[in-house]
Amino acid sequence: MAEIISLTQLKQQKQLQVHIARNCNFDQPDEIDALIVEGSLRVKNHTEFLAYLHHLYEQELTPREVFYDVFYLQPRQFARRYGLDWWRCVQYAVTFLTILKENERDEYVTFLYR
């Protein structure tokens, strides 16, 4: 029974990935905002999120730029440019945007509606 649930969850995750890749971009910023409002993609472990930020800094990447490009570029383009896992970065970007929305509303709006 657990395998069936796993396969169902995997299928739902794949559908969500396809939806995000097609619809969550800066031509449709409300779709990105919906991900933030829903809250299901946020990384719950903030230590993990901070470690990822540190990893980006070590690679001399700007988190804001990476989190912008994760919604701007197609998944394969993103992976080629940065050498990072697109799906994992989407989850970190949602965490980043959630924090931004809660603490710096004006910056959040500027980020989404450039």
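The values are calculated or read from the model by the stated rules, or taken from the named source; none is laboratory data. What you see is a predicted model, and the numbers here were worked out from it, not measured in a lab. Note: ideal-geometry Cβ built from the backbone for every residue, glycine included; neighbour counts use all protein chains shown. Calculation scope for accessible area: heavy atoms of the full protein, side chains included, ligands and nucleic acids excluded. Shrake-Rupley method; radii C 1.70, N 1.55, O 1.52, S 1.80 Å.
For Cα pairs less than 8 Å apart in space and 6+ apart in sequence, what is the mean separation divided by the residue count of the chain, i.e. the relative contact order in percent? List each step's numbers first, then the result.
Details: 73 pairs, mean separation 34.2, N = 114.
Worked out over the chain, it gives 30 percent.
Counting only heavy atoms of protein chains, what accessible area per residue, in Å², does the chain have with a probe of 1.4 Å? Don't skip to the answer; put the middle values down first.
Values: 7420 Å² over 114 residues.
Heavy-atom SASA per residue in the chain reads 65 Å².
Of Leu53, Gln13, Asn25, which is farthest on the positive side of the dipole of the range 8-66, counting Cα position, with +1 on Lys and Arg Cβ, -1 on Asp and Glu Cβ, and the Cα centre as origin?
Farthest towards the positive end: Gln13.
Note down the magnitude of the dipole of the chain about its Cα centre, charges +1 on Lys and Arg C-beta and -1 on Asp and Glu C-beta and zero elsewhere, to the nearest 20 debye.
Working: 13 positive and 16 negative charges, 83 e Å.
With Lys and Arg at +1 and Asp and Glu at -1, about 400 debye.
For Ser6, project a label point 7 Å along Cα to C-beta. Then give me every residue of the range 76-113 with its amide nitrogen under 13 Å of that point.
The answer is none, because no backbone nitrogen lies closer than 13 Å to the label point.
Express the carbon and sulfur contribution to the solvent-accessible surface of the chain as a percent, rounded to the nearest whole number, probe 1.4 angstrom.
Working: 3730 of 7420 Å².
It is 50 percent, rounded to a whole number.
Could you give P(r) for the chain, binned at 10 Å from zero, as whole percent values over all Cα-Cα pairs?
Here the calculated profile for the chain is 13, 45, 33, 8, 1.
Could you derive backbone 3J(HN,Hα) for the range 68-76 from the dihedral phi with the Karplus parameters 6.51, -1.76 and 1.60 (θ = phi - 60°), listing whole Hz in sequence and x where the residue is Gly or Pro?
6, 5, 5, 9, 8, 8, 5, x, 5
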